[in-house]
Amino acid sequence: MTVSPFDHPLLSGLLGDEEAARHFSVEADIEAMLGFERALAEAEAECGIIPCDAGAAILKALATFRPDTAKLRAGVGRDGVVVPELVRQVRVAVGEPHGEFVHFGATSQDIIDTSLVLRLRQVIDHIGLLLGENVVRLTGLELEFGERQFMAMTRMQPAIPITVTNRTASWRAPLERHQQRLAEISGGLLALQFGGAAGTLEKLGDKAAAVRAALAAKLGLADAPQWHSQRDALAEFASWLSLVTGSLGKFGQDVALMALTGSDIKLSGGGGSSAMPHKQNPVKAEALVALARFNAVQLSGMHQALVHEQERSGAAWMLEWLILPQMVVATAAALRLAAELTAQIESVGH
């Protein structure tokens, strides 16, 4: 049983994307959080913040560490975040006298936000490939049918004849611009979060910048000042997700309208009806419209989550947890569906 259509046992067959969703699993999250702790111990030992013996002991313990997830769940209910209980378990695994150096100078938000960014890096790779596939498929459609014609429709009324390329360019060109936008925003998005209790890294003294740079390098992330209460990069990424699904929704809407009579476009493999066996419903096109509208609605929530009070907000932070993963999976699903829909176009134009 699930409350989300994106991992629903049945609905996910249409609306889900397993590759995107797996990066938001508890296993992926814990793996990324432990990766942060591993890299932190290495960086702090190299910079002389913690003893080298302590760093080695932490790395040795983490190599075989497996958390008690039932206790982690109870910890979240108690603390609001998973990190206090996770760190407690790691410290027990490391043992005395080195356990106290686990998570030294960091705070819960550092590990949770960095875990998110590490997983978003893999998600972006996946989404980028799907986006490129759609551009290639639409380009192929233009090469095959581009010189054919049909009637343009303005304000839902017949206008003048246009070529297929005139229509398909409005599907392809925005996706190419989204590729450029993704390259531009990724640098600011894929940045280390490391600020300590209130963003000052006070426990690291004059070595704070060196530790942060070393930690970022080990994780393959940009070295940036803490952004605990500065969520514009995540909001910008959410905006990008909504732009992508919006463009794909326009494609889906166009295909669904063109399929009304079947004279402008011919599709294979439409959805069946339980009551009308003769029907071939444009299911994928409809789903693209629904996913576009879903992300557009969720985007307002991500903009609400920009409002962090003082140095850290619990409420705004939690709102991101509720919204962003679903927006990511919705976008990946839309890209998958759009590529499949393009492949189902047997003929377009006359």
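Only the coordinates and a few stated rules stand behind these numbers; no lab work does. Since this is a predicted model, take the numbers as computed values, not measurements. All Cβ positions, even for glycine, are placed from backbone atoms using ideal geometry, and neighbour counts span all protein chains on display.
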Points 7 angstrom from Cα along the Cβ direction at Asp223 and Glu202: gap in nanometres?
-> 2.5
For Glu133 and Arg293, extending 7 Å from Cα along the Cα-Cβ vector and measuring point to point gives, in nm, a value of 2.6
Using a 10 Å cut-off on Cβ atoms, rank the peptides 249-256, 147-154 from the highest mean neighbour count down.
-> 249-256, 147-154
Over segment 182-292, what relative contact order in percent results from Cα pairs under 8 Å that are six or more residues apart?
-> 24
With r defined as the distance between the Cβ atoms of Ser268 and Val3 and R0 fixed at 45 Å, what FRET efficiency is calculated, to the nearest 0.05?
-> 0.85
Quote to one decimal, in nm, the extra length available between Met153 and Glu346 on full extension: 0.36 nm per residue of separation minus the C-alpha distance between them.
-> 67.3 nm
Partner lysines whose C-alpha sits under 20 Å from that of Lys207, ignoring same-chain residues fewer than 8 away, are Lys218
What number, in percent, do you get for the relative contact order of the chain if the mean sequence gap of Cα pairs under 8 Å and at least 6 apart is divided by its residue count?
-> 20
Calculate one ³J(HN,Hα) per residue across segment 54-65 by plugging θ = phi - 60° into the Karplus curve 6.51 cos²θ - 1.76 cosθ + 1.60, and present them in order as whole Hz with x for glycine and proline.
-> 5, x, 5, 5, 5, 5, 5, 5, 5, 4, 10, 5
Burial-style ranking of 189-199, 118-128, average other-beta-carbon count within 10 Å with highest first, yields 189-199, 118-128
Based on the Cβ-Cβ distance of Glu176 and Glu100, what FRET efficiency does E = 1/(1 + (r/R0)^6) give at R0 = 51 Å, to the nearest 0.05?
-> 0.45
Given the peptides 220-228, 103-111, arrange them by the average over their residues of other C-beta atoms within 10 Å, most packed first.
-> 103-111, 220-228
Quickly estimate the mean residue ellipticity at 222 nm for the chain, helices only: each DSSP H run with n ≥ 4 gives -39500 (n - 2.57), and the total goes over all residues, rounded to 500.
-> -21500 deg cm²/dmol
